1. Among the candidates Glu254, Glu297, Glu288, Glu263, which residue alone is within 16 Å of ligand 2 (Cβ to nearest atom) and of a type in the set (D, E, K, R)?
2. Where in segment 289-360 are there strands (runs of 3 or more DSSP E), lying fully within it, with 2 or more residues that are within 16 Å of ligand 1 (Cβ to nearest atom) and of a type in the set (Gly, Ala, Ser)?
3. Going by the conditions given, is Gly284 at pLDDT 95 or above, under 29 Å from Thr261 (Cα atoms) and surrounded by fewer than 16 Cβ atoms within 10 Å (Cβ to Cβ)?
4. Residue by residue through segment 39-73, note down the ones that are within 14 Å of ligand 2 (Cβ to nearest atom) and free of Cβ contacts under 8 Å to residues at least 24 places away in the same chain.
5. Scan segment 1-42 for residues that are touching a Gly at 6+ places or on another chain (Cβ under 7 Å) and within 16 Å of ligand 1 (Cβ to nearest atom) and jot them down.
6. What pairs come out if I take residues in segment 178-205 that are assigned by TED's automatic domain parsing to the domain that holds Asp228 and closer than 18 Å to Glu319 by Cα and pair them with residues that are assigned to a helix (DSSP H, G or I) and away from ligand 1 (no atom under 15 Å from the Cβ) whose C-beta lies under 7 Å away, six or more apart or interchain?
7. Tell me the residue from Val56, Val64, Val72 that is at pLDDT 95 or above and either within 23 Å of Val354 (Cα to Cα) or buried (at least 22 other Cβ atoms within 10 Å of the Cβ) (or both), please.
8. Output the residues belonging to segment 111-125 that are touching a Lys or Arg at 6+ places or on another chain (Cβ under 9 Å) and part of a loop (DSSP other than H, G, I, E, B).
Amino acid sequence: MKAAVLHEVNKPLVIEDVSLQKPGPREVLIRTAVAGLCHSDLHFMEGLYPHPLPAVLGHESAGVVEQVGSDVTYVKPGDHVVTCLSVFCGTCDNCTTGRPVLCTDTSVKMLPGASNRLSWARSEKLNQFLNLSSFAEQMLVHENAIVKIRKDMPLELAALIGCGVVTGYGAVVNTAKVAPGESVVVIGCGGVGMAAINGAQIAGAGRIIAVDTNPAKLQLATKLGATDIVDPRNGDVVQQVRDLTNGGVHHSFEVLGRKETAEQAFAMLAPGGTATIVGMIPFGQKIELHGFDFLRERKIQGSSMGSNHFRVDMPRLIEFYMRGKLHLEDWISAKLKLSEINEGFAAMKAGKTVRSVIMFDA
Ligand code: NAD
Ligand code: ZN
């Protein structure tokens, strides 16, 4: 099968012939239908985060089950599934206390470089990425890395839920637990940020302020629920938000992955407010906060994949879509072939797209 391989950082992905093992007892072989391009893939391509290479990237996908291992009862061939990198064991301390995104069982949630599922004609090891590797015509995953979905859900929209949508929505609903009427700022309105805005609307937030440097993104944010927009090119973002909110917001979400914007997210909080950092700040980089702000009970926290319980959250997100509350069609900026994947990442880097998706049958 064909897969997009990252050989070296800051080099284009190369389409290669690769193979997968037969499913082990708890593994599922999936025919990939759609894979979304997420900025997290780009962070690894640019070397801002380390990963053993060569590797097949991609972690936002939907597909159809082709074959299941001997112990798998959850799905059968023909089932439609969405993948999630938050693979869980179900029995470690974090899983059993309701935080499966923090699963610590490395035999299920394998560490980078540990999986031997992928192979190719060369002697060099080919690495699986985040237990998924979605930029490939097929995926071999643990059964606890997938959720079964209804078959009338379009797979290209379902794929978006696999990372971007569950991350943005979940940051608002699961991590920050935004209450009805509270004010929200979302800094960075790409695929993940748009989901945070749409999630804030579903949660019943009051003011929802979208911050982005791209006017087209701000316009779409308004359609998804933003009540106000802020363009950083019009002056200090923190001051603009303070002016709009009479002194600060209840919840800010950094959905970009930069030191400056993470610091802005904290600085724009009202007393008692919470900043949630969703963006992947380059590995090793530190952020600086004003210590006094903690005396007014301001908080800052991380969010991994929207603190999801994806077997519950993803089918619910699909119901929201079916009821017209989650505007997934608006996310897709381009449908690409696997061979066009580098053009897709170039458009993301230029800030032009909300989400580009690879359509494997195209
Ligand atoms: P994206 O590239 O689609 O979106 C980034 C947006 O930020 C763009 O709309 C761009 O116009 C805007 N932007 C650029 N400069 C800005 C500025 N100075 N102020 C405000 N906006 C600005 O990215 P994405 O795929 O939505 O991912 C966003 C971040 O979330 C990335 O860092 C990604 O790695 C991270 N992420 C984290 C998790 C997690 O589990 N925590 C999961 C998925 C993605
Ligand atoms: Zn992602």
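1. Numbers: Glu297 fails: within 16 Å of ligand 2 (Cβ to nearest atom); Glu288 fails: within 16 Å of ligand 2 (Cβ to nearest atom); Glu263 fails: within 16 Å of ligand 2 (Cβ to nearest atom).
Selected residue: Glu254, the only one of Glu254, Glu297, Glu288, Glu263 that is within 16 Å of ligand 2 (Cβ to nearest atom) and of a type in the set (D, E, K, R).
2. 332-336
3. Working: at pLDDT 95 or above: yes; under 29 Å from Thr261 (Cα atoms): yes; surrounded by fewer than 16 Cβ atoms within 10 Å (Cβ to Cβ): yes.
Judged against the criteria, Gly284 is a match.
4. Selection gives nothing.
5. Val9, Ala35, Gly36, Leu37, Cys38, His39, Asp41
6. These pairs meet every condition: Ile202/Phe320.
7. Details: Val64 fails: either within 23 Å of Val354 (Cα to Cα) or buried (at least 22 other Cβ atoms within 10 Å of the Cβ) (or both); Val72 fails: either within 23 Å of Val354 (Cα to Cα) or buried (at least 22 other Cβ atoms within 10 Å of the Cβ) (or both).
So the residue among Val56, Val64, Val72 that is at pLDDT 95 or above and either within 23 Å of Val354 (Cα to Cα) or buried (at least 22 other Cβ atoms within 10 Å of the Cβ) (or both) is Val56.
8. Restricting attention to segment 111-125, the residues satisfying the condition of being touching a Lys or Arg at 6+ places or on another chain (Cβ under 9 Å) are 113, 116, 118-119.
Residues satisfying the conditions are Gly113, Asn116.
The values are calculated or read from the model by the stated rules, or taken from the named source; none is laboratory data. Because the structure is predicted, anything quoted here is derived from the model rather than measured. We place every Cβ from the backbone using ideal geometry, glycine too, and count neighbours over all the protein chains shown.
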